Amino acid sequence: MQRRLGGFFRLNPLFGGAVAAVVAVTFWCLSPEWGTGAAIALAAVAWWLTSWRGALFALICAGASGGLLWKHEHDRAAATAALVAVPRPAVSGTLLADARATTSGWSAPVRLSGGNGLPIAIAWWLGEGEPPVAGAKVSARGKFADAEPPRNPGEFDQVAWFRQQGLAAMFLADRGSGEVATGKIAAFGAWIRKGFREAVTIGLPPDSQEADVIRAVVIGEYPRGEDALIAAYRDSGTLHAFSVSGMHVALAGIICWFVLGRFGVSRQVAVPLLIALMFGYSWISGNSPPALRSAWMGAVFLAAFALRRRPSLLNGLGAVLLCTALWEGRLLLLPGVQLSYGVVAVIGFLGEPCRHWMGRFVAHDDYLPRVLLTKWQERWHWLARKGSDDVAVAAVAWLGSTPLTLWHFRMTTPVAILAAIPMSLGIFGLMVLAAFSTFLFPFSPGAASQVNRLNGWVARGCTATAESLASLPFGNTHFGRIQKPFLLVYDLEYGGGAACFASGDSAVLLDCGDRRTFHRTVLPSLRNLEVAPDAVVLSHADGGHVGGGSELLQTYRIRQVVMPVEKARSTLYKAWQTEAPAAGAKLLTAAEGMRLPLADGAWLEVVAVPDSAAKGGVADDQVAIYRLHWQRWKILFVNDAGQKTERRLLEADVDLRADVLIAGHHRSDLSLGDGFVQAVAPKAIIVSNAAFPVTEHLDPAKTAWWRGQGIEVFDQRESGGVTVRPVEQGLRLEGFVSGRASVLTR
């Protein structure tokens, strides 16, 4: 073993150095002590396998990559502290990428220019107005904020994302203070990217699924709000087609090589042109780390080809990986980068043996001389061998990606082996037609439109193939982050409220938060938990509970919406009454005693509805009260009801008994009076308690009294989102932030 491994690393020294760098970066993420120990251990192993020269090389690679990563993290942390400490500074910087539109303006990474006591760092800029382009100069006055950790299961992890992207802080520009200056070079680059985007989809409806697929495959533009489309490609193991990576760069190079060959361009001229094309394609598609990795690897291989040297896949991969680790080790923390490098490494190790093994099944019979084969038999043997090679590579690629997909995405897709060949052919067709339409676009937009319409059919075929393969039995397996069924009570910002009851393939949302919290918290959580709600129950017309309706209806196929009142002054509530039917949802008005059947044998009872005689007033006084009946447990939702509503229910002698009481916060009145809590007689209370405003914090004396009565209290400022699900012992409640869990028994 020592001899074989030593010989391998002597033949592939750069790959060995890259392995040392990756291991060191992994341990340096834990602590400098772990990183130093890992570097010394790697050097000892290298000495045992090769020689002292190999040990020295491994030590240098491991120490340099880990040390540089630690320095970058140290500098980033120092920049974060310095930026957050300055109150409302005047800031300027340069956009590193095209800004993307948000619900209230735009956002983009910006390299700060420093000055005025501010360090030079990268910040995530939130501005207003039209989104500027990469290279534009921006300036504004505002405030910096550090990344916030997630407070709900499945919520976007802003802290980890800041670290992966090298962001020091978030900058929130003041309204009316922002200025944007776009130079000629930045404007020219934006014009090229915009023209390319238009060229590949002209002639197709901009919001059509075909255009989304073409933009995703050719440009790497991730389709927004297309959950069904994304699920089809994800479950068929072909979602990597939506990210410009090695396959895309290689196909672009093949297309260009074919064209140059038809014009008789020599190798000496073609190689530099191909290298320039690969880096140009990487730039025009956003310079994603996998695309840059592919461009650099392609450049290494083509340079070896031009110099008449035999290229080594693993050594070329090692060179690029080692440069990445030394230049910016944080990139190795990105799932896409890990998948990109990991799959290529496994192909380098197992690709050839697997191709050789599978080739035996389609190999030509040695007892039959080739001269006796007909032309069709020769073509059949060539096609069979080509197919076996492709299947072998697909199997090895799936084998290499499976551990990472299980770790990062909790899923595996063996059907990807079957999908590799047809989807590769489809993607190749998309790339060829997109290149042709791009060539035609400056001369004849009409001709480019015709080509794109044909490409639309190809995109439709790719999607149909992905959907068919994704539906095959045992083609994919998902391992949920939370075992279903469950009830998740979200912890949202002040004034917001939402909960989700999910079981199997069905789910219902009880309120959806406001527009910002739905987009930032609820929607990412639902996607990560692989929950697709098909029904919505609204409690009252407050914007913090119904404001996310427009995006919710655009994202999911909602079949039924329960409305607490027929009329309300809120424009956001009125939007539900028009947009929900337009989206195909049936509207129901809540009535006392109504029962709404849910999955898992559960049902939702309408305990009380707002007083129809009451006119005007605040939304929190017009709240519908619901009670979930679930496996003989009762869970009462009082939402933002105040003492006015509580007194009305107590005076009417309404049955309020429940095992769990879930409450929000009335904006101008007290909530959860002693008499009301005694009437409910809960075993546990889940109560919201936003950090802002301080004057409306939950009274500690009240929670102490509840606990004194033997009630389990989940203060959501401490616990974050709370997951409720039945277990063998009873009903389990667990806080996401605090990690505290409690099991209720009968």
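Points worth noting:
- Phi angles of region 236-251 translate, via the Karplus equation with coefficients 6.51, -1.76, 1.60 and θ = phi - 60°, into HN-Hα couplings of 8, x, 10, 5, 4, 5, 8, 10, 5, 9, x, 4, 5, 5, 5, 5 Hz per residue; Gly and Pro are given as x.
- 5 angstrom amide H check on Val537, placed H, neighbours 5+ away: Leu509, Leu510, Asp511, Val562
- DSSP finds beta bridges in region 613-701, and of those with both partners inside it, around 40 percent are antiparallel.
- Approximate spin-label separation Asp653-Asp207, in nm, with each point projected 7 Å along Cα-to-Cβ: 5.4
- Set the Cα radius of gyration of region 166-263 against 2.2 N^0.38 Å, with N its number of residues, and you get 1.44.
- Applying 1/(1 + (r/R0)^6) with r as the Cβ-Cβ distance of Arg410 and Arg595 and R0 = 45 angstrom yields a FRET efficiency of 0.80.
- Where a label projected 7 Å from the Cα of His74 along Cα→Cβ would reach, residues of region 29-51 with amide N under 19 Å: 29-40
- If the chain linking Arg100 and Glu148 were pulled fully straight, counting 0.36 nm for each residue of separation and taking away their Cα-Cα distance, it would gain 15.2 nm.
- Extension gain from Ile120 to Arg453, taking 0.36 nm per residue of separation minus the Cα-Cα distance: 115.2 nm
- Residue-averaged [θ]222 nm for the chain, counting only DSSP H segments that reach four residues, each worth -39500 (n - 2.57): -15500 deg cm²/dmol
- By the Cα gyration tensor, region 75-213 has an equivalent ellipsoid whose semi-axes, rounded to whole angstrom, run 29, 20, 13 from largest to smallest.
- Note that region 457-466 has calculated 3J(HN,Hα) couplings of 5, 5, 4, 4, x, 4, 5, 4, 5, 4 Hz, one per residue in order, obtained from phi through the Karplus relation 6.51 cos²θ - 1.76 cosθ + 1.60 (θ = phi - 60°); glycine and proline are x.
- Burial ranking of peptide ranges 471-481, 148-158 (average Cβ count within 10 Å, highest at the top): 148-158, 471-481
- Spin-label model distance (nm) - Trp47 vs Ser668, 7 Å beyond Cα toward Cβ: 7.7
- Cut-off 17 Å (backbone N to label point 7 Å along Cα→Cβ of Phe479), residues of region 406-438: 406-415
- Around the amide H of Trp125, modelled in the peptide plane, lie the amide H atoms of Ala108, Val110, Phe171, all under 5 Å away and 5 or more residues distant in sequence or on another chain.
- FRET efficiency estimate (nearest 0.05) - Cβ-Cβ, Val86 to Leu472, R0 56 angstrom: 0.50
- Derived scalar couplings between HN and Hα for region 183-200 equal x, 5, 5, 4, 5, 5, x, 5, 5, 5, 5, 5, x, 5, 4, 6, 5, 7 Hz in order, rounded to whole Hz, by the Karplus curve 6.51 cos²θ - 1.76 cosθ + 1.60 (θ = phi - 60°), x for Gly and Pro.
- Of Lys137/Lys574; Lys143/Lys574; Lys194/Lys574; Lys586/Lys683; Lys644/Lys702, those spanning more than 29 Å from alpha-carbon to alpha-carbon: Lys137/Lys574; Lys143/Lys574; Lys194/Lys574; Lys586/Lys683
- Amide H contacts of Glu712 (H built 1.01 Å from N, under 5 Å, at least 5 apart or other chain): Ala684, Ile685
- Using a simple spin-label model with pseudo-atoms 7 Å out from Cα toward Cβ, Gln164 and Lys574 lie 4.2 nm apart.
- Antiparallel bridge percentage (DSSP; both residues within region 447-548; nearest 5): 75
- Correct choice for volume of the Cα convex hull per residue in Å³ that was computed from the model, options (i) 319; (ii) 256; (iii) 214: (iii)
- Cα gyration tensor category, rounded, prolate or oblate, for region 521-664 with a/c compared to 1.5: oblate
- R0 of 60 Å, Cβ-Cβ distance Ser31-Phe439: FRET efficiency to nearest 0.05: 0.65
- Surface composition of the chain: carbon plus sulfur atoms contribute 61% of the solvent-accessible area (1.4 Å probe, protein chains only, all chains present).
- Anisotropy class of region 632-746 from Cα gyration tensor, a/c 1.5 cut: oblate
- Restricting attention to region 107-218, close to 75% of DSSP beta bridges with both partner residues there are antiparallel.
- Ellipsoid semi-axes in whole angstrom, largest first, where each is sqrt(5λ) of the Cα gyration tensor of region 433-504: 44, 22, 9
- Packing around the peptides 70-76, 634-640, 128-134, taken as the average count of other Cβ atoms within 10 Å per residue, puts them in this order, highest first: 634-640, 128-134, 70-76.
The values are calculated or read from the model by the stated rules, or taken from the named source; none is laboratory data. Since the structure is predicted, the reported quantities are computational estimates derived from the model, not experimental observations. Cβ coordinates were reconstructed from backbone atoms using ideal geometry, including for glycine residues, and neighbour counts include every protein chain displayed. Quick note on the areas: whole protein, heavy atoms, side chains included, nothing else; ligands and nucleic acids left out. Shrake-Rupley method; radii C 1.70, N 1.55, O 1.52, S 1.80 Å.
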